[in-house]
Every structure is written in structure tokens, then in C-alpha cells.
Amino acid sequence: MADDIVIDKQLFHERLSSLVTKWKADKRSGDQVFNGAGSIATVVGKASDPGSYLKPAAFQLWLLGYEFPATLFVLTPDLFQIVTTKKKASYLEPLKGGKVPVEILIRGKDADENKKQFQSCLDAIKKAGKVAILKKDSATGAFADEWKAAFQASDIKEEDQMELGPILSNAALAVKDEKELRIIRDASRASSALMSSYFVEEMSDILDSEKKISHRALSDKVSAKIDDPKFFQKEKVSKNFDTMQLDWCLAPTVQSGGTYDLKFSLEPDDNNLHAGVIISALGLRYQTYGCILGRTYMVGPNKSQESMYKLLLSVHDMVVKSIKDGVVAKEVYNKALTFLKSKKPELEKHFPKNVGYGIGTENKDQSLLLSGKNNRVLKDGMTFVISTGLSDLENPNPPDKKSKTYSLALVDTVRVGVSECAVFTKDTPSDLDSCSFFFNDEEEEEAKPKAKRDRAPAIAQTNITKTRTRHERPTNQDAQKEAQRREHQRELHHKKQQEGLEAYGEGAKSLNGAEAKKFKKFESYKRDNQLPSSTANLAIVVDKKNLTVLLPIMGRPVPFHIHTIKNASHTPENDFTSLRINFLSPGQGVGRKDDQPFEDPNAHFIRSLTFRSHDVDRIDSITKDITELKKDVVRREQEKKQMEDVVEQDKLITVKNRKPFILDMIFMRPALDGKRIPGGVEIHQNGLRYAHGAGGVKIDVLFSNMKHLFFQPSQHELIVIIHVHLKNPIMIGKKKTKDVQFVREATEMQFDETGNRKRRHKFGDEEEFEQEQEERRRRAALDKEFKNFAEKIADAARNENVSVDIPYRELGFNGVPSRSSVLIQPTTDCLVQLTEPPFTCLTLAEIEIVHLERVQFGLRNFDLVVVFKDYQRPPAHINTIPVESLDPVKDWLDSVDIPFTEGPLNLNWATIMKTVTSDPHQFFADGGWSFLATESDDEEGDPEDEESAFEVSDSELAISDESSEESDFDANASDDMSGEGSEDDFSEGEDWDVLEKKAAKKDREAAENGSEDERPKAKAKGGKRR
């Protein structure tokens, strides 16, 4: 294992340089962190106990990634001295040659030489002035004892010795970088999985079966689970999670039966698990970074216990919500204590003296205690264990002796954020329902009988029809189909309405995120000594580094952050020129996006400042600098916003034991910059790799980021496509994309065996026919090759539930989703357009409802609007769909159980979605999406509107009966009928040719049923209209 030790040189020098830079900056700004220390001395003696690291060991782990026992660090801003043994020195030797010089002193068996090495370190310490050490150093072992003796003998004054603990915490260990935060997050996820998926299940099984097991035995059982890699693989903690790097930060401890230790410092005892209040805590350490998680589980709690737990949960939530960047540690504690006192003052004596502490490589950072006296300021990137509890509470209604007193505890690992706190252990629920168990009062719900659907009999009951006239019989297949579709849509809409009411109950919050705009504050400088030196002349200074413009006002340089400035302009006036700077302030009425809220209605704001000067060139230069700085800031903010959802993928794990499956002569879309040359796609263990050209740019697409995989054959197309739609966008060159496509041209030119040269002779008909046949064979072979490769991708990504989807061209319809009219094709799970960029991929499972716009008689096209279940996502529009596709689109939407509506006008969807997100409960309480179907519902409400254009009124029927007694072809009767029905009955019907065809069809059907007496009337009506 020792031979595998490789120290990350780049990370070592980055962290060492960062520490030294902070040190030097602190000296310039008043020694607030390092307290004037000129050197740091820290020693590690014997190796730390498993799972427990003190500050010196934690410092070594932070710098080197490993703990080096019997090693001394002496650090000054100009030199890093390391005293260690020969073998350890061989691992440290590659660290030389960085920005901060590293000197390695190798200890041997010569005692005098060893003393000289210590003396060399002590000389460096004395030369630097004050030294920072751990005054209560607990390092043990011969090496540590020898260093302590040498340090005491050096006669360094007590006032020159600073406490090292807070310095290391402030400057190095407390604030974690992204890599460290990811490791702590993974440790927390693994701990949550162990608590939720294993401990809770084991505990409930033991209590349910009334088995007897001691606290120690149950704790050991949970502790042994760390050696089960399959358990953690099944829980899917994270990609590339290495179970071999797990260790215990806090070994599992189980407490019950009235004896509780909320500091979790005692070993589990041999008492049996008691079915009452059970407290469990554990914490895994992953890659030397730890976390702690604790929960209280109650078996058959009474009302008093439930009330106490709810109060503790409120206090815990308040602590979590209070933690953010810039908050003082004691404020968090005092706020929680004040809240507890306001609810139940008598519980103050049961509340702990602190509600948490810092954690990382070190198990407990004492300088980061969340107590009532700690003035430490919390910073973004710090990690804490939040531990709240109520100890030794009396149970008013104890069911047995062991339940007379009980304690409650909640422990979580969190990360401090800029505006809020992220709970890493949130996967283990802490609500009352999840933490309460009732084993004796279980009630089995009775199975509700399923409602039976009325089905039409398979065999006709009688051959006598119930209707008298032709238009009353449901013989028209289109009408039956339409009726079935309407009925199914009613069911879907009703179901959607019920889901909305259940999802957004009364009191549901707005979905708009920040409900109210906040007054933004910006800080240019924390101290006056950070101002640029050029401000001493009281000149206008544009500080681009700190994004600030300093203006001389009343003899003082006043900084204005660039975010507070609207614009700057200058106007020449004879010998003078005027510089006018306009500021952003509330109430300007410059548009909804720029308008700012009032923080204080009585506050005064500067709208503009004007400066006059003879120096025209300088004022012109200042104006340009301010304008350019403003543009740069706006551009950076836009780029940052655009890159917010771009994820950094994990590393691709290449196939090593065999050659990967490769598809050659492939072009990728979106295309890479540079010359258009083909590349190859390779299938590796956890993703795809596209290699552009010969040894060019490589683009990796991981299976874990794949949402959909499509194969589109070359039929009726010029290219064959394998298309990957991603969960999160990635960067390809300088472009952000969620769709990656691998294509090959399917035209004859691509496969021309003559090397793409011009033919030397013309083909006859026979040769052209052979050429067409050959091209069909090549296309079929090409489709087969791509389809097989797509299936290999799906097989390799089967753990991520990726499968190949093929568009149904026969269900496709033309439309304009972006710029041009393209063929939109449904697939099993999506609605896609993969031929022309920008591509379209709409997941059917994410669709809430579809609305068809501009559906009215006389228009040749209609529009389709897709509303997503995520109401924050803007609706997708597919415009200019030919009206011939209206019925096929409706049939397809109905077949995939998507509710749809239609209307004659285009709607303002921005306003509609704003209404939905502002108060979703009220939206669904008022009928939800039913407002879209208002017009169509009105039409459906009158059953006469749905009937045939051949409807006959009672008076017409009387005339018809009289005429039929005289003659089947009475012209007067025909005139009366056609005259009365021509305007009203057919004003909204179809044109005559269509109606006559329908009439003839129905006549034939009537003849087959034996209704001969109706045929002359229909012919008379039809003949008269023509």
C-alpha cells in the first residue's frame, strides 16, 4: 500500500500558496487572523487512532492527502521545512520546486545530527519572530517528545507563542473547496443510506418481532455493514464511489431505555434495545473527510412526546435556516435559544450549550463551535455538524419504568452557502411521521372495489333499431370515433384537475422562487487601506479590479460599485467638458427588469453626479472606461447565467481489456470549430467518446447524463442519425448543448467507389436502375450498421435505463418549431425533430397539457402549444401545422393519454403561466386548464350541434309525410324543405359535394337495413340543392 502513495504536487502547491498569500495579506491588513505570527510549527507523533484526526494530522491531510507520523512542519512565508524519516522523505521529494521553497531534513540514527536539524528549525522560528503552536499539544511518541524538549529549551518567550488552532481553522481547514465539498457530500449520502435503508429496517424488524438485542450488538451489526460494497453500490451514492476509502468518523451508537448521551462520546452499553425513545447516531469518513448524522425514533409516542419532538424539529430547522455566509456563530445559538424560551422557557436547562461545530478532516473544530460566546463569522464553503437536542425530559405518562425520562436529538451535516444552508444528510427524513412507529395499532386498509366500466354487448340484442330517421343512427364511424375521443379526453382532463388539486393544496406557495425583489447591496472595499493609491489626488478613478468607480465628493474619495451605475456620458462645453454619471435607484420606472424595490421608503438616493473639467481627453477616457466596465460586468453576468445549468461530467472510464466498439466516418452535430473532417465514436465503460479527426479534439458523453437515445434511419433522408438527448447541457467548444448527434451522409456520393471522381461515361436506363438498386442496398446496410451500434450503446448503458427509440415517420406531421418547416415525428417516449438544428426533443412524460391554436374554419394551418408539468419552463410552440394533420395529431395525443384542448385564437402564454405559478392552488381551485376548453365545451353542450346537416324540423317532417302520400318525388314538398333548411341548417355545415357523398353512403346503409322508404326523400333533397 505504501508504494501506492503519490502526493498531488499541483494541489499541494495550490493550497500552500493560498495559505501563504492569506498570511501575507493578513500582515498588511492588521494581523487579524495570524495574530502577528511569523512562523507555524506543528508536529505529528504517533499515527492517529482510526477515524480520529487532530489539527496537526488534519493539516497534513489537507496539504498532502496523507498522514505522515513522526514528522515536523515548520512554515514561514518564505520557507517550508519538513523534518521526517528517509522513507517518508522519498514521497515528499517531488514536491520541491514550487513557488514556496520546500526544504526536507532527513532524520537518521545520529542523535547529534538530529539535534542540528531541530536547531535549524528553531533558528528559522526565532528569526521570524512570533510562532504559532498548539499550546495543548497532545502528540505522543519519541519524535514528538524530542521536539517538545528542544522547543522548551530554546527559551522562546511565552508572549511570542500564539495559539495555532484558530489560525489553521481560519486560513486553511474551515472553508472547503469544491472537491472537498463533494467528498463530504458523498460521505453524508453514504451515511444517510446506512441509516435509512439499513438501521431503520433492522430496528423495526427487531421491535416488530419482539426480539431481544443489546445496544452493542445492534451497533456492531450496523458497523459491519461498512464492509459490504454491494450495499453502497445499490444505493448509488455517486459515480466512481470507492467503498474501500470508507472509514468511521463516528462509530454507530444506539441508545434507549432512559440512558442517553447526546455528545455520543460513550461506547454502546450491553442493555437491550427498549421499545420507547431510541436515539441512533453514526458518521462515515470518506477519503479522510467526515460527517455525522443522528436521529430520534419513537415507538408509540404519546401527545407530550410528539409535542416535544415537534418543538425540537422547529428549533433544528431554525438553526439550519439561520446558517449562511456572514452570520456570526453566537447569533445562530442565541436565535435558537430565544425561540425555545418563547415557546417553553422551562426547557432552557435541557438545551445543550452549543448547537453544532465545524467538521472536515478534523472530527470537531473547537474554534467553530456554534455557542453563545463564539464571535467567529461563518463563510461560504464551511461545513458544520448541526446538533440540537433536549436531554432528561420527564414523560408524564410512562408505559414502564425505563420510559420515565427520555431525550431527543437531531444531528445533520450541512454546508454554509451564500444565501442559505445546504443539508447534506437530507436523505434521512426527520419529520414526525417518519420517526414514529406504532407496532400494536396497525390497521389494514380495506381494498376498495374497482368501479366496473359499462361495456357494450358483443352481440346485438335485437334487430329493431330505436331510431326512426337516418341522422339519429350512429352509423357514421367518424362520429363514433370523435365521441370516444371526446369521452377519453374528458376523463384525462378530470384526472389532470384532480392531480393539480392534490399537488397544490390550500396554502401552496408561489412557484416563482423569490416572491419579492430584494434591495441589492454591493461591497467594493472592506477597509479603507484597500483603496487605490491614486485616490490621494482626489481624482476620478476607475478600479476595474474591484468593479468600482471612485468619485471625489466633499474632499473625500467615495466608492460606487459598477452595479449601482446606470451609465456615464460627457458633453463638451467650450473650454470645459461635463461628465455625467447616472445611478440606478428605485422608482425610476425604467422597466420591470431594472426597477428596484425600496428597502427604506424614507431613504434618499443619488440619481446623478456631474463633474466639470478642462481636461477633455481624460474625461473622455473615464467615460469609455466606465462604459466598458459596465459592458464587461453585464457580459460576465449573462455568461454566468447561461452556464448555470452546465454540469461538469465525471471522467470517462476507458475500456482497457479489449478494443472498444467504434463507428467510423462520423460527423458530430453541433459541429466543432475548424475544418469539417469525420471522426469516430467509441463505446467505453461509462460513456461515449467522439474523436475528431486523427488525434484531434475528444468529446465525452457519459451514460449517466443520457436522457434519451434515438436512431433515425436514412429512409427519405440524406443522413442516418444516432441522436443523444442529455439530462444536463455540456459544452462542445464554446457552445452549450443538450443534444449531441452522430451522423453519416447516406447519399451515393458518400459511398462512390470511384473516389468521388466524375463519371467518364453516361449511364443507360439499365445501369441507372442497377445504381438505384445498389443505393438501396447501401442505405439498408448503413441503417443496419447504425442501428446495431445504437443497440450496443443501449446495452452498455443499461444500468442508466437508456434504450433506443426510433421515430414513427408515418405519424409525423410538418410544423415550424424554430425557424423552418420540418417533419415532427413521435417516438415511444418523445416528440422529436432530429434532421435540422436546432433540434426538438419533448419528453411526453413531462407534458402537462397540449393546446391547439388557430383551429377555425377557413384557416389552412394551426399551431400546437405544449405546456410542461414544470410550470417554470416556458411552453414549447410548434407553428404552422397544415390543417390536414389536425385529426391525426388529435388521434396521436389521445393515444398517448395527453389531454388537449383547441381554440380559434393565439393566447398570451407568458401571462397565463405567470398566473399559474403565482398561485397554483387558486388556479386549480378555479377550474385549472378547463378555461382553454370553454369554447369547445359550449359547442358540445348543445346536442343538436353535433347532429347531421340533414336534420329535419317537426314542420318539415309533417310536410314530408303529406307529400309522401301523394308522390315520392313531389316538387312542392321538395321546394318547401330545401327553402326552410338551406340557410339555418347548413350555414355551418360542409360543402354540398361532401354532404351529398355522405348522404349517398347513408342511403346505401339504410337500404341494407331495409329502410327503403327514406331513400326518395334524401334524393329529392340532394337533387334540389344541386
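Worth a mention:
- Spherically averaged projected area of the convex hull of Cα atoms, the range 72-155: 6.0 nm².
- Sulfur and carbon atoms: percent of accessible area, the range 811-932 [1.4 Å]: 53
- Our compactness index for the range 249-305, the C-alpha radius of gyration over the empirical 2.2 N^0.38 Å, is 1.27.
- Nearest-0.05 FRET efficiency for Asp205 and Asp242, computed from C-beta distance (R0 30 Å): 0.50
- Using a probe of 1.4 angstrom and keeping all protein chains present, the accessible surface of the range 178-437 works out to 44 square angstrom per residue.
- Protein heavy-atom surface of the range 9-173, 1.4 angstrom probe: 52% of the accessible area is carbon and sulfur, with nucleic acids and ligands not counted.
- Where a label projected 7 Å from the Cα of Thr828 along Cα→Cβ would reach, residues of the range 699-739 with amide N under 18 Å: 706-713, 722-726
- In the complete set of protein chains, residue-level accessible area for Lys225 is approximately 40 Å², probe 1.4 angstrom.
- Largest first, the three principal axis extents of the alpha carbons in the range 178-437 are 48, 48, 28 Å in whole numbers.
- Taking 0.36 nm per residue of sequence separation and removing the Cα-Cα distance, the Thr85/Lys115 pair yields an extension gain of 9.4 nm.
- Pairwise FRET efficiency - Val883 versus Lys792, Cβ, R0 = 35 Å, nearest 0.05: 0.25
- Integer Hz, Karplus 6.51/-1.76/1.60 couplings in order for the range 198-210, x for Gly and Pro: 10, 4, 4, 5, 4, 4, 5, 5, 4, 5, 5, 8, 6
- Hz values of 3J(HN,Hα) by residue in the range 631-639 - Karplus curve (6.51, -1.76, 1.60), Gly and Pro given as x: 4, 4, 5, 4, 5, 5, 5, 5, 5
- The charge dipole of the range 811-932, taken about its Cα centre with unit charges on the Cβ atoms of Lys, Arg (+1), Asp and Glu (-1) only, comes to about 380 debye.
- For Asp269, the amide hydrogen comes within under 5 Å of the amide hydrogens of Arg216, counting only partners 5 or more places away or on other chains and with H modelled in the peptide plane.
- 5 angstrom amide H check on Ser578, placed H, neighbours 5+ away: Thr571, Glu573
- Listed values for the range 113-128 are Karplus-derived 3J(HN,Hα) couplings in whole Hz (6.51 cos²θ - 1.76 cosθ + 1.60, θ = phi - 60°), namely 5, 5, 5, 4, 5, 4, 5, 4, 5, 5, 5, 5, 5, 5, 5, 7, and x replaces Gly and Pro.
- As a calculated quantity, the FRET efficiency between Gln233 and Lys324 at R0 = 22 Å, using C-beta atoms, amounts to about 0.05.
- Whole-percent carbon and sulfur share, accessible surface of the range 254-347, 1.4 Å: 50
- Stretching Asn908 away from Asn375 to a fully extended chain increases their span by 186.5 nm, per 0.36 nm per residue minus the current alpha-carbon distance.
- The range 9-173 - charge dipole about Cα centre, Lys and Arg +1 at Cβ, Asp and Glu -1, debye rounded to 20: 400
- Per residue, the range 57-118 exposes an accessible area of 44 Å² to a 1.4 Å probe, with every protein chain left in place.
- Size descriptor, Kirkwood hydrodynamic radius, that averages inverse alpha-carbon separations across the range 811-932, Å: 15.0
- In terms of overall dimensions, the range 9-173 has a Cα radius of gyration and Dmax of 14.9, 45 angstrom.
- Gain on full extension, evaluated as 0.36 nm per residue between Lys99 and His563 minus their Cα-Cα distance, stands at 163.4 nm.
- Neighbours of Gly98 by Cβ distance under 13 Å: Lys/Arg scored +1, Asp/Glu scored -1, total -1.
- With only Cα atoms counted, the range 101-238 has Rg and Dmax values of 24.6, 71 Å.
- Semi-axis lengths (Å, descending) of the ellipsoid that matches the C-alpha gyration tensor of the range 38-80: 20, 10, 8
The values are calculated or read from the model by the stated rules, or taken from the named source; none is laboratory data. Owing to the predicted nature of the structure, the values given are computational and were not obtained by experimental measurement. Note that each Cβ is placed from the backbone with ideal geometry, even for glycine, and that neighbours are counted across all protein chains shown. Surface accessibility is based on the protein's heavy atoms, side chains included, excluding ligands, DNA and RNA. Shrake-Rupley method; radii C 1.70, N 1.55, O 1.52, S 1.80 Å.
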